[in-house]
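Read-outs throughout are calculated quantities, based only on the coordinates presented, and are distinct from any laboratory measurement. Computed from a predicted structure; not experimentally measured. Virtual Cβ from ideal backbone geometry, glycine too; neighbours counted across all protein chains shown.
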Amino acid sequence: MTFIDSHSHLILKEFDNDRDNVIQQALSNGITHIVQSCDNLDEIEKNLILTKKYGNLYSSVGIHPHEAKLWTDVSYDTIIKYTKEEKVIAIGETGLDFYYNHSPQDIQLKVFREQIKIANEASLPLIIHTRDAFKETIKILKEEKIKHGGVFHCYTGDLDIAKEALKLGFYISWSGIITFKKAFDLREVAKNIPLKNTLIETDCPFLTPLPHRGERNEPKYVKYVAEELAKIHNVSVDKVGEITSENTKILFGIK
Ligand SMILES: [Zn+2]
């Protein structure tokens, strides 16, 4: 059985004591590739060091909606420069988070639009983080004429929005949340999204799936997300791993 963790944050301090061990453990437990997400432009250098050390690691480059206030006049050009790096395969994570509002909404909107423009200019897919702003997110993607699709990471929206996302060429990515006991509605949405439009992720160190909820999350636990999807779609875990891995490779252009 093999899987790809399509969204992780292995450079965060939670992994400072055992990062290499966590990655080795993942690679020896059937995780063939890991896509590192980038939250701000300080992180990208650290991500690049990690992706150069491990052939199967890739990274996005971008600014998280929480950190949109860090955007400056040079951010656009800086991100464009990093897109030329071989291991950089997406723009993000970007989007809108109107739940926490760690950055003012008008700034989040501007920085999201800028990063869609970058994705279009660099011919890369977009990694989207969105919370309490699903309609606005779809509206802006349409207005900015997103060209190369992407993924709604750690999806928690409803079926209508998910269908809109698919129409725009996006995949839906499921995290450990779908294993949570109370996530009935989300599992119902997942049931209605074909596996051919689906990715899986950990978003580690956050959102640890059952049965490890409460512990630090890590890439090897992505198999629990796959197991839940296998139950939902009534197929083998192997099949879920196979299809979602293929989808991730197609989306991010990785081998
Ligand atoms: Zn993330």
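Descriptive notes on the structure:
- Helix-derived mean residue ellipticity, 222 nm - over the chain, DSSP H n ≥ 4, -39500 (n - 2.57), to 500: -12000 deg cm²/dmol
- Eligible lysines near LYS239 by straight Cα distance, threshold 22 Å, same-chain separation 8 or greater: LYS191, LYS196, LYS220, LYS223, LYS231, LYS249, LYS255
- Reciprocal of mean inverse Cα separation for the chain (Kirkwood radius, Å): 17.9
- Using a Gaussian network model of the chain in which every pair of alpha carbons under 10 angstrom is joined by a spring, one finds that among TYR54, TYR76, TYR99 the greatest mean-square fluctuation is at TYR99.
- At full extension, THR2 and LYS135 could sit 44.4 nm farther apart than now, given 0.36 nm per residue minus the alpha carbon distance.
- Cα-based shape type of segment 1-142, given that a ≥ b ≥ c are square roots of the gyration tensor eigenvalues and the cut on a/c is 1.5: prolate
- Length added when fully stretched, VAL235-LYS81, from 0.36 nm per residue minus Cα-Cα: 51.2 nm
- Relative contact order, whole percent, for the chain stands at 20, derived from Cα pairs under 8 Å and 6 or more residues apart.
- Overall, segment 171-253 carries a charge dipole of about 160 debye about its Cα centre when +1 sits on the Cβ of Lys and Arg and -1 on the Cβ of Asp and Glu, all other atoms neutral.
- Net charge of the neighbourhood of THR51, taken over other residues with C-beta under 15 Å away and scored Lys/Arg +1, Asp/Glu -1, is +1.
- The label-point distance for LEU168 and LYS249, in a model that sets each label 7 Å from Cα toward Cβ, rounds to 2.8 nm.
- Over segment 98-205, the alpha carbon radius of gyration divided by the compact-protein estimate 2.2 N^0.38 Å works out to 1.06.
- Surrounding net charge for ASP185, when Lys and Arg each add one and Asp and Glu each subtract one, Cβ distance under 12 Å: +1
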